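Beneath this line is the structure, given in structure tokens, with notes to follow.
The values are calculated or read from the model by the stated rules, or taken from the named source; none is laboratory data. The structure displayed is predicted, hence computed values, not measured ones. Counting neighbours? That spans all protein chains shown, and the Cβs are built from the backbone with ideal geometry, glycine included. Areas reflect the complete protein model, heavy atoms only, side chains present, ligands, DNA and RNA absent. Shrake-Rupley method; radii C 1.70, N 1.55, O 1.52, S 1.80 Å.
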Amino acid sequence: MPIALDNFDAELSRLKSTTVRVSDSGAFPEPGAASVQLVFSDGSKLRADYWRVIRDGKARDSSFDHKQKYGLPEPIDAIRHLQEELHGRRVSDARLEAKTGDLIFHLEGDIEFQVLNFTGYEVWEILFPSGMTEYSNYAK
């Protein structure tokens, strides 16, 4: 059953002006996988398996970069980088891209955090203080 977009959009809009904190969700410890949990200052919680950061209009780290070396002196810690990018920043906009199931968060400092939904399986889950929970594949 598709989610009621009006209710979901209303819940997402309540995230505006909240701040965020990032932690490792511990779900996928292998290279190229960096599942994270975002906790918003209103108590909302988001688990995201696939994500990307856009800063100043350019792609930065993504979940796919985690623990990859790419010829660098040491592997990338994409979760730590995400924590540094997002910690304490205010959300200025939050929305669902209905066609893809992606979540898009705009944060102060010209940062966009994209939660990517590549599959019909659960790759993100969000729980709001109201008790409403939604999944990337709209499962109930």
Item checked: Neighbourhood net charge (15 Å Cβ-Cβ; Lys/Arg +1, Asp/Glu -1) for K45 -> -4
Note to self: With +1 on the Cβ of every Lys and Arg and -1 on the Cβ of every Asp and Glu, and nothing else charged, how large is the dipole of the chain about its Cα centre, in debye rounded to the nearest 20?
What the structure shows: 80
Item checked: Spacing of the two label points (7 Å from each Cα toward its C-beta) at Q68 and E122, in nm -> 2.7
Item checked: Within-13-Å neighbourhood charge of N117 [Cβ basis; K, R +1; D, E -1] -> -3
Check: Per the helix-only calculation at 222 nm, which mean residue ellipticity applies to the chain, given -39500 (n - 2.57) for every DSSP H run of n ≥ 4 and division by its residues, nearest 500 deg cm²/dmol?
Finding: -3500 deg cm²/dmol
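Which of the GluC sites (Glu not before Pro) found in the stretch 79-110 are loop residues per DSSP with 13 or fewer other Cβ atoms within 10 Å of their Cβ?
Numbers: sites: E84, E85, E97, E108; in loops: E108.
Filter output for the stretch 79-110: E108.
Skip the ligands, DNA and RNA, and give the accessible area per residue of the stretch 1-113 with a 1.4 Å probe, whole Å². Walk me through the intermediate numbers first.
Working: 6000 Å² over 113 residues.
Ligands and nucleic acids excluded, the figure is 53 Å² per residue.
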Checklist line | ³J(HN,Hα), Karplus 6.51/-1.76/1.60, whole Hz, each residue of the stretch 104-113, x for Gly, Pro | finding: 10, 10, 9, 10, 4, x, 6, 10, 10, 10
Item checked: Placed amide H near T18: partners under 5 Å, 5+ positions off or other chain -> V91
Next item on the list: Determine ³J(HN,Hα), in whole Hz, for all residues of the stretch 82-93 in sequence, where each value follows from phi through the Karplus function 6.51 cos²θ - 1.76 cosθ + 1.60 and θ = phi - 60°; x replaces Gly and Pro.
Entry: 5, 4, 5, 5, 9, 3, x, 6, 8, 7, 9, 7
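Could you please report the charge total around S130, scoring K, R as +1 and D, E as -1 over all other residues with beta-carbon less than 12 angstrom from its beta-carbon? All intermediate terms of the calculation are to be shown ahead of the outcome.
On the way: positive: R14; negative: E11, D42, E134.
Net of charged neighbours comes to -2.
Report in % the part of the accessible area of the chain that belongs to carbon and sulfur, leaving out ligands and nucleic acids; probe 1.4 Å.
On the way: 3600 of 7340 Å².
The value for the chain is 49 percent carbon and sulfur by accessible area.
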